[in-house]
Every structure is written in C-alpha cells, then in structure tokens.
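These notes concern the structure reproduced below.
The values are calculated or read from the model by the stated rules, or taken from the named source; none is laboratory data. For clarity, every value in this text was computed on a predicted model and none was experimentally measured. In this analysis, Cβ positions are derived from the backbone assuming ideal geometry, glycine residues included, and neighbour counts consider all displayed protein chains. Note: accessible area is taken over every heavy atom of the protein model, side chains too, but ligands, DNA and RNA are not part of it. Shrake-Rupley method; radii C 1.70, N 1.55, O 1.52, S 1.80 Å.
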Amino acid sequence: MQIRLKNLTKKYDNGAFKAVDNISLTFDESKLTVLIGPSGCGKTTTLKMINRLIERTGGDILFDEKSIDEMDRINLRRKIGYAIQNIGLFIHMSVFDNIAVVPRLLKWPEQKIKDRVEELLELVNLDPELHMYKYPAQLSGGQKQRIGVARSLAADPDVILMDEPFGAIDPINREKLQDAFIEIQEKIKKTIIFVTHDIREAIKLGDKIVIMNNGHIVQYDDTINVVNQPENEFVESLLGSDRALKGLEMLSVKDNYIKDFVSINAEEVKTVGTALEYLQKKEKSYAYVVGKKGILLGYCTTKRLQKKDKHDDLIESVIKTESIQPYSNLMEAIITMVEAGLTSCPVVNSKDQLLGIIRFKTLVDIMGSFEKSEE
Amino acid sequence: MELFSYFFENIPYILEKTWQHFYLFLISWSIAVVTGVFIGIISTRPGKEKIGRTVLAVTGATQAVPSTAVIALVFIFMGIGALPAMFALFIYSLVPVTFNTASGLMNVSPDMKEAAMGMGMTKNQILFKVELPTSIPAIASGIRTAAVINIGTAAIAAIIGAGGLGEIIFIGLRLMDVSRIFAGALPVAVLALVVDALLALLEKAIMSDGLKLSKEN
Amino acid sequence: MEFFEYIFDNGDRILFELLRHLQIIGIALPIAIAIGVPVGIAISNHKKTANVVIYIASVLMTIPSLALFGFMVALLAPFNAGIGVPPAVIAVVVYSLLPLIRNTLVAIQEVDPATVEAATGMGMTKTQILFKIRLPLAVPIIMAGLRNAAVMGVSVTTIAYLIGARGLGYFIFSGLSRSRLVMVLVGAILVGALGIGTNYGLLKLEELLTPRGVKLSRSKE
Ligand SMILES: Nc1ncnc2c1ncn2[C@@H]1O[C@H](COP(=O)(O)OP(=O)(O)OP(=O)(O)O)[C@@H](O)[C@H]1O
Ligand SMILES: [Mg+2]
C-alpha cells in the first residue's frame, strides 16, 4: 500500500505552533522509509497522524489515493501495525495473548491465530515453545522489543508504523535486532515507516530517508543519494563528518562478497595428503574447509599441512576463523576483519553454511570512492 | 429546629465535653506519634531488616482489629476511667503511625541510599537528609489517619468512662433522645474534620517541593 | 476456664451474632462495589469531578462512626428507620465508598500510558481498552480497596449494636454495661479475630485474582 501525505499540518496552541508544517510526500509501497531529525522536529506527530492517534489540523493522508476520512478510525488502526519506543506490551497477558490481540479483534479462528503466533515468533528468532507462554516480566529488553515487532506484524498489515522501536536497547543487541529486522523485511516487503534518532540506524535500514527539521522536510531521497548528495549543511551535519565510514554502513555484505573461491569439503577430502594435492593443483596457499551441508569448519594453509604426516586427519589441522553474515553492513565487516587480523573473511548464512568470502581490499576501494565524492 | 434544641440549650456543657475530648485525643495521640515514629525508625536501621519486616507484619495485621476490641481488652486489664481510655487510644493510634513510618522508610529507593553513601554521608546523615525527608508523605499520612481514628475511638471510649463527647451520644442513645444524640455527634464530626484539615495543611507546608512534584506525576 | 465455659454455654448466641455481623457486611459490600467501582471508572476521565467526588468521600470517611450513627438515628428517625440493620448497612456502604472509588480511580489512571497508546494504536475501542486492558490491570488495586472496606465494615458493624443492629458488638457492649469481664473478653477476641481473618482472607483472594503477569512484573521491581 502506498501512503501519500498532502499538505499535512498539525497546529497546536490555537495555531500558534506548527509541529508539522504543510508537508507533502509519498511513502512507496513495500519500501522502508525512515523519518529522522532532531528531537521535537515532528516525527512522532507525523507518524501518529497516519493511524489517527493524533488528528491532523490540515491537509490529507491518502492510502492508495483513498482519503483517511473515508475510513473508519478503528478499522484503519487494525490494518496498520504499530510499534512504539516504550513497547507497551500488556503485562497481564502472555506473549501469545499479546501477539494475538489484533487477530482476535478481527475475529480470526483460534487455530489460525496459534499458527500465526508461532510463525511470527520464529520470524523474530524466538523459540515459540520456549517463549509463547511467558509474561513480559520474564523477557529481556531485546526480547520484549522483538515481541513488540511481532505484535505489530500480527494481523499481516499492509502498513507498519514504528516509532524508535529499538530505542531502548543497548548498541550490541540493537545491531542484532536490526539485522534480524532487515531479514524480516526482505521476506515480508511491507510499507514501513520507521522513526529513529540514530543516523546509523537510518542508513542501515532505510530504502529511503526523510530528513525533518522544525516540522518541515529538509530532504527526501533514496538513502544512497542522501549520503552522497546531502541537500544542505543541516543534512551534512546530521550525517556527521565521517561520511566515508557511514557510507560503508549503508552497504551490506550480501552485495559485495565473491562467490568463486576455493574450498575443501572435509566429507570427501579426509587426509592431509589429499588436501595438499588439491591446493597445489589449484595453486592456492590456503582454502576454507566445510563439513556436512557445507557448514564452515575453518581454513587450512599449505604451510601448516606440510608440517604434518600425509595420513593425518585433515580435520585436526583446520584453523577456526571469524565469519560474517550477509545482512551485516560493510562497517561491521571491517571491524570484524581488523579485530581478527584477516585480509579476507568467510560469509556464512544463519545456519553457518559458507556462501562466499569478502576481501578487505574491496572494502578499502569502496571507502575510497566515498571519500572522493566528499571532496 | 427540634434537632438542635439540646445543642443550643447546653452550649457550655458541650464545650466542656469537647475540650475533654480534645484533651484525651491530644495527649494519647502525641505520645503515640513520638513512640510510633521512634519504633518505625529503629526497627528499620540497616542490618535490622528482619525486625522491620516483623514490625510491618504485626502492625499490618493489628490495623484490622476493630477499636472496640482494643477498648474492651484495656478495660479487662485496667478497668474504667480516663487513664485506661487514654491508654487504649494510645495503643490504637500507635499502630498506623508505626506501620506507615516503617513501610515508608523501607520503601526508600536503594539507589538513593547508595548514592548518599557514595557521597560519604554517615548513617545519621542518610537518615535525616535522605530517608526521613523522602518518607514524609507516608509518615504524615499515618499520623493523620491516627488522629482521625483516635478522635472517633475516643467517642466510643466514653463507654469505659473516658468522658468526652461520646458520653453525650451514649446517654442520648440510651434515652433515645434524638436531639441529644445529634448534639454529641455534630461536634465529634467537626472536631475530626477540623483536625484532619489542619494536619493536611501542615503536611503541605513541610513537604519539599520536589516531593510534591514527584507525587503529582 | 470461665472463658471456655461461657463459649460452650453460649454457642448458639455466638453463632447468631456472628452471622448477623457477616450479614450486615455481606449486604453492604456488594452495594458499595456496585456504586464505588462504576463511579471510580466514570470519574477517571474528568479530573475536576474526580477531585470533588474524592473530597466528598474522604470527608464522609473522616466522620467518626459513632457520630455517623448518631446522625443516622437523628435523620432517619422520622422514617422509623433510624434503628436496626438498615442504618448499619448504610454506614458500612458510606465508609466503603472512599476506598473503593479512590482505588478504582487510581488503578485506572495509573495504567502505563504506553500500554494504552499501544492498545489504541492497535485499533481497540475505548470500551475494549477498559475491559481488556485497564480493568484487568486494576484488579489488584481495587481488591485492596475492597479489603480496606471490609475491615472497616467489621469495625463499624461492632458499633452498630448500639443502634439495635445486633452483631458481635453485643458481647462487648452488653458485657461492659453488666461488668461481665468474660463476656467482654469473648467479644474482644471474636471481633479481633474476625477483623484479622477478614484482612488475611481478602489478602489471599487478592493474590489469587492478580493476573500472573502483573505479579511477575511487580516482583521484578
Ligand atoms: N499536545 C501537544 N501540545 C503542544 N505541543 C506539542 C504537543 N505534542 C507535541 N508537541 C510539540 O510538537 C513538536 C513535535 O513533537 P514530536 O513528538 O512529533 O517530536 P519528535 O520529532 O517525535 O521528537 P523526539 O525525537 O524527541 O521523539 C514538539 O516541539 C512538541 O513539543
Ligand atoms: Mg518522538
């Protein structure tokens, strides 16, 4: 569903103060659009006018060209997923009942609700068996946020509004949740409007970014364009000085790793001798080693293998290594590689299966190209 | 206005009884306030959490005992007269004051106490600068409750010879003299309402602005 | 010894007065709930009305019970209703209103605004929010108010003996006027035990009715 804001305005104090001032823009269908700007610039107000938690004082909101006034407020809200910063989980209800609220309001059959709850818990990476009947008080902060997200998705809404949904979480878990969330959106492709304070989060998650200030729109564009061509000094200051690094955050590993690489399957190649032969044939000094179903075990080097007896088990000469997931961004990849001292890093999916490798040199080249555009 | 006839014909007598009533209340209540706050404080000093919890449990349960039971028990051990009556009033007022003081002090946020300790305050400084000021709403409400129930119980204590306004009501009830009953009930009610209102004003005056604000939110 | 003798000799009487005592409270509390809880809900949206209602209720509660009975005898006498069970029931209702109204009001108002916003945003109607969110969360606090009211009811009903409603006050007041120590003692113990028992029983009920999730989130604080 596409949402169009037409001269949307919210005045307070009898018109003396405009929290949102005559803004017009279109949120694209199936895209995640981020609203960002300094505190008090009108992000929450804009968001809440869309599900009519706040009534607008001027302009119009159109859902697929149908005015919000033609829709019943309660029904409208049931069709829009909503997740807020303070989560607002119902503490007297179990995780199951929390997620089931809107489906029950919509009178879904219980079996369908149960299937849906399980599906959603798996989607947000929580074991349904383990968590379904817990109460909010028994969850960690990050788990609560996930339930909040799952709850907003419950009735399969076309539109989801999220107001700093990861705001209350520590940076490490926030990054994990963001990764999980990108993966979810990859699957569900909803129209999402996402409010945040955090420019890194905006760049990482947003297909498009709306930059707001004093109730106005300062810039609205694809994320990459906002980073590369900031409209004015305000946007530049919001982006900060280290734009090259920020640029890396916007790009993800999945678009920048290489798939042709040399690997050894330990299921077939069992001894040090055969492994050496294989490496020499390919003229390589090292190779990644995978096991059953292509799960990454580590890597081996010719140098190390040559010190062993040819009849030794290959497995015992495998060296463990750091790896990175495709939905991580390039900034995270750099950090991982610098910390582990790697010049290339294996990329694995959530089941640890080896997908490819990413090279440090690639990252340096990309960074260079951002620095050029900054000059 | 037949209802008021006894009242207007016996104003000096009613004033005397009112004063007697107030006197019973003031003495027993003041001693109860001092004693109750004291017990509340010493039972909740650091390291004495067990005693504090016991005091809370006991006073919490005895708050449910009707005033008549206390008057009856005091009568059994001490007989009749103003002194036993005052003792009953003292005991009965002691309970809410102690309960509220102890629970107020035990509910002071540990974070605040830790912060105070970290700043190098002594135990006494923590008590007087942090614990007591932040417990004032709880303590004050215990003191107010004690005053109101004390005045009400003092009326009933007339039955064991305490004197006071209850005496007029009891005689009225025995004679089924409506005007007399009314002449006793009215000043008791007024006395309770006035004392409660005065204490409310006092409470407002001594509570710090910060506490008022955080109570409103 | 004399004590047990009295109890055995007067078993019927004790049972009768106890039942009468419970009867008065048992009639009064449901009436008080039927008035107090809806009033508490109704005023939760109107701050000014709420202040006025709470003020009136607290003034009523500040009036000593003996004085209230005095007023009732005086005011209801013309209708031949100043004596007996009806004024006793009215008095218990009057005293129960404040704890019930106040606790309902506070409980409804104190529900976390984020919770209400989430519910509204999900498309619950005002009524649904009241019944599915606010009231379940308010149950423990309303129950605490009810407990307060019941304990007060036990106490007030004791005094209702003086206006001919009977009840356990009989043993105390009648014993006092006849100077029969054992009777006074039996009365004091019965009344005290009833008060403490009521408080304890309702406390347990309160725990039973508190939604599990609320209990868990409380113990975490
Ligand atoms: N009820 C109200 N009455 C008057 N002004 C209001 C009201 N609600 C919000 N405002 C003002 O409207 C402006 C926009 O508020 P809004 O909540 O949309 O900010 P925001 O961009 O979400 O900020 P933050 O990042 O801090 O959440 C603020 O200046 C705020 O003070
Ligand atoms: Mg906001």
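In region A:199-228, what residues are free of Cβ contacts under 8 Å to residues at least 24 places away in the same chain and either acidic (Asp, Glu) or open to solvent by 50 Å² or more (accessible area, probe 1.4 Å) (or both)?
Our first condition is that a residue be free of Cβ contacts under 8 Å to residues at least 24 places away in the same chain; within region A:199-228, this holds for A:219, A:221-222, A:225-226.
The answer is A:ASP221, A:ASP222.
Does B:THR54 count as assigned to a helix (DSSP H, G or I) and open to solvent by 60 Å² or more (accessible area, probe 1.4 Å)?
On the way: assigned to a helix (DSSP H, G or I): yes; open to solvent by 60 Å² or more (accessible area, probe 1.4 Å): yes.
In short, yes.
Here is a yes/no grid of residues against (1) away from ligand 1 (no atom under 16 Å from the Cβ); (2) within 14 Å of chain C (Cβ to nearest Cβ); (3) more than 30 Å from A:ALA333 (Cβ to Cβ):
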| site | (1), (2), (3) |
| --- | --- |
| A:ALA137 | yes, yes, yes |
| A:VAL149 | yes, yes, no |
| A:LEU153 | yes, yes, no |
| A:LEU161 | no, yes, yes |
| A:GLU164 | no, yes, no |
| A:ASP170 | yes, no, no |
| A:LYS176 | yes, no, no |
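Only one entry of A:LEU89, A:LEU120 meets the criterion of being farther than 26 Å from C:THR210 by Cβ, touching a residue at least 12 places away in the same chain (Cβ under 8 Å) and among the aliphatic types (A, V, I, L, M), and that entry is A:LEU120. Of everything in region A:36-49 that is near ligand 1 (Cβ under 8 Å from one of its atoms) and among the hydrophobic types (A, V, I, L, M, F, W, C), the residue that is farthest from the other protein chains (Cβ to nearest Cβ) is A:CYS41.
Filter region A:47-82 for residues that are within 11 Å of ligand 2 (Cβ to nearest atom) and of a type in the set (A, V, I, L, M, F, W, C) and give the result. Hit for region A:47-82 is A:LEU47, nothing else.
Just checking, does region A:118-132 include any residue being part of a helix (DSSP H, G or I) and within 16 Å of ligand 2 (Cβ to nearest atom)? Can you show your working first?
Residues of region A:118-132 part of a helix (DSSP H, G or I): A:118-123, A:128-131.
From the residues that got through so far, the ones that are within 16 Å of ligand 2 (Cβ to nearest atom) too are none.
Checking region A:118-132: not a single residue is part of a helix (DSSP H, G or I) and within 16 Å of ligand 2 (Cβ to nearest atom).
Which condition number in (1) under 19 Å from C:GLY195 (Cβ atoms); (2) open to solvent by 30 Å² or more (accessible area, probe 1.4 Å); (3) not small (Gly, Ala, Ser) is the one that C:PRO78 fails? Among (1) under 19 Å from C:GLY195 (Cβ atoms); (2) open to solvent by 30 Å² or more (accessible area, probe 1.4 Å); (3) not small (Gly, Ala, Ser), the lone unmet condition for C:PRO78 is (1). When A:ARG174 is tested against (1) under 30 Å from A:THR46 (Cβ atoms); (2) modelled with pLDDT of 85 or more; (3) among the basic types (Lys, Arg), exactly one condition is not met: (2). Among the conditions (1) open to solvent by less than 70 Å² (accessible area, probe 1.4 Å); (2) at pLDDT 90 or above; (3) away from ligand 2 (no atom under 16 Å from the Cβ), the only one that A:THR44 does not satisfy is (3). Exactly one residue among A:ARG52, A:ARG116 is within 16 Å of ligand 1 (Cβ to nearest atom) and either under 30 Å from C:ALA138 (Cα atoms) or open to solvent by less than 20 Å² (accessible area, probe 1.4 Å) (or both), and that residue is A:ARG52. Out of all the residues in region A:89-104, which are part of a helix (DSSP H, G or I) and at the interface with chain C (Cβ under 7 Å from one of its Cβ atoms)? A:VAL101, A:VAL102, listed by residue number.
Before we move on, is C:THR198 touching a residue at least 40 places away in the same chain (Cβ under 8 Å), touching a His at 6+ places or on another chain (Cβ under 6 Å) and at the interface with chain B (Cβ under 10 Å from one of its Cβ atoms)?
Numbers: touching a residue at least 40 places away in the same chain (Cβ under 8 Å): yes; touching a His at 6+ places or on another chain (Cβ under 6 Å): no; at the interface with chain B (Cβ under 10 Å from one of its Cβ atoms): yes.
Spelling it out, it is not the case that C:THR198 is touching a residue at least 40 places away in the same chain (Cβ under 8 Å), touching a His at 6+ places or on another chain (Cβ under 6 Å) and at the interface with chain B (Cβ under 10 Å from one of its Cβ atoms).
Given the criteria within 9 Å of chain C (Cβ to nearest Cβ), within 24 Å of the chain's Cα centre (by Cα) and either open to solvent by less than 70 Å² (accessible area, probe 1.4 Å) or polar (S, T, N, Q) (or both), does A:ASN86 qualify? Please lay out each step first, then the result.
On the way: within 9 Å of chain C (Cβ to nearest Cβ): yes; within 24 Å of the chain's Cα centre (by Cα): yes; either open to solvent by less than 70 Å² (accessible area, probe 1.4 Å) or polar (S, T, N, Q) (or both): yes.
In short, yes.
Is region A:7-29 home to any residue that is within 13 Å of ligand 1 (Cβ to nearest atom), open to solvent by 10 Å² or more (accessible area, probe 1.4 Å), assigned to a loop (DSSP other than H, G, I, E, B) and among the β-branched types (Val, Ile, Thr)? Checked against the condition, which is being within 13 Å of ligand 1 (Cβ to nearest atom), open to solvent by 10 Å² or more (accessible area, probe 1.4 Å), assigned to a loop (DSSP other than H, G, I, E, B) and among the β-branched types (Val, Ile, Thr), region A:7-29 yields no hits at all.
When you check A:ALA155 against the structure, is it more than 14 Å from the chain's Cα centre (by Cα), part of a loop (DSSP other than H, G, I, E, B) and surrounded by fewer than 18 Cβ atoms within 10 Å (Cβ to Cβ), yes or no? Lay out the reasoning, then the answer.
Working: more than 14 Å from the chain's Cα centre (by Cα): yes; part of a loop (DSSP other than H, G, I, E, B): yes; surrounded by fewer than 18 Cβ atoms within 10 Å (Cβ to Cβ): no.
For A:ALA155, the condition - more than 14 Å from the chain's Cα centre (by Cα), part of a loop (DSSP other than H, G, I, E, B) and surrounded by fewer than 18 Cβ atoms within 10 Å (Cβ to Cβ) - is not met.
Note on region B:69-177: enclosed helices (runs of 4 or more DSSP H) holding 3 or more residues that are open to solvent by less than 20 Å² (accessible area, probe 1.4 Å) and at pLDDT 90 or above are B:82-106, B:132-156, B:165-175.
Applying the set (1) modelled with pLDDT under 90; (2) closer than 19 Å to C:ILE24 by Cα to C:ILE63 leaves exactly one unmet item: (2). Restricted to helices (runs of 4 or more DSSP H) entirely inside region A:270-375, those with at least 1 residues that are in contact with a Gly (Cβ under 8 Å, 6 or more places away or on another chain) and within 15 Å of A:ILE258 (Cβ to Cβ) are A:360-374. Kindly provide the set of residues from region A:47-92 that are closer than 21 Å to A:THR26 by Cβ and touching a helix residue (DSSP H, G or I) at 6+ places or on another chain (Cβ under 6 Å), ordered by number. The answer is A:ASN51, A:ARG52, A:ILE54, A:ARG56, A:ILE61, A:GLY81, A:TYR82. Assuming B:PHE4 fulfils every condition listed in (1) open to solvent by 30 Å² or more (accessible area, probe 1.4 Å); (2) farther than 21 Å from B:ILE160 by Cα; (3) not in a helix (DSSP H, G or I) apart from one, which condition is it? Going through the list (1) open to solvent by 30 Å² or more (accessible area, probe 1.4 Å); (2) farther than 21 Å from B:ILE160 by Cα; (3) not in a helix (DSSP H, G or I), B:PHE4 breaks only (3).
Give me a count of the residues in region C:97-140 that are of a type in the set (Val, Ile, Thr), in a helix (DSSP H, G or I), within 13 Å of chain A (Cβ to nearest Cβ) and surrounded by fewer than 19 Cβ atoms within 10 Å (Cβ to Cβ). Full working, then the answer.
Initially, region C:97-140 is screened for residues of a type in the set (Val, Ile, Thr), giving C:101, C:104, C:106, C:108, C:111, C:115-116, C:120, C:125, C:127, C:129, C:133, C:139.
If we keep only those that are in a helix (DSSP H, G or I) as well, we get C:101, C:104, C:106, C:108, C:115-116, C:120, C:127, C:129, C:133, C:139.
Checking which are within 13 Å of chain A (Cβ to nearest Cβ) leaves us with C:115-116, C:120, C:127, C:129, C:133, C:139.
Now narrow it down to the ones that are surrounded by fewer than 19 Cβ atoms within 10 Å (Cβ to Cβ): C:116, C:127, C:129, C:139.
Residues meeting the conditions: 4.
Note on region A:55-79: among residues that are open to solvent by 70 Å² or more (accessible area, probe 1.4 Å) and touching a residue at least 12 places away in the same chain (Cβ under 8 Å), the one that is farthest from A:ASP163 (Cα to Cα) is A:GLU65.
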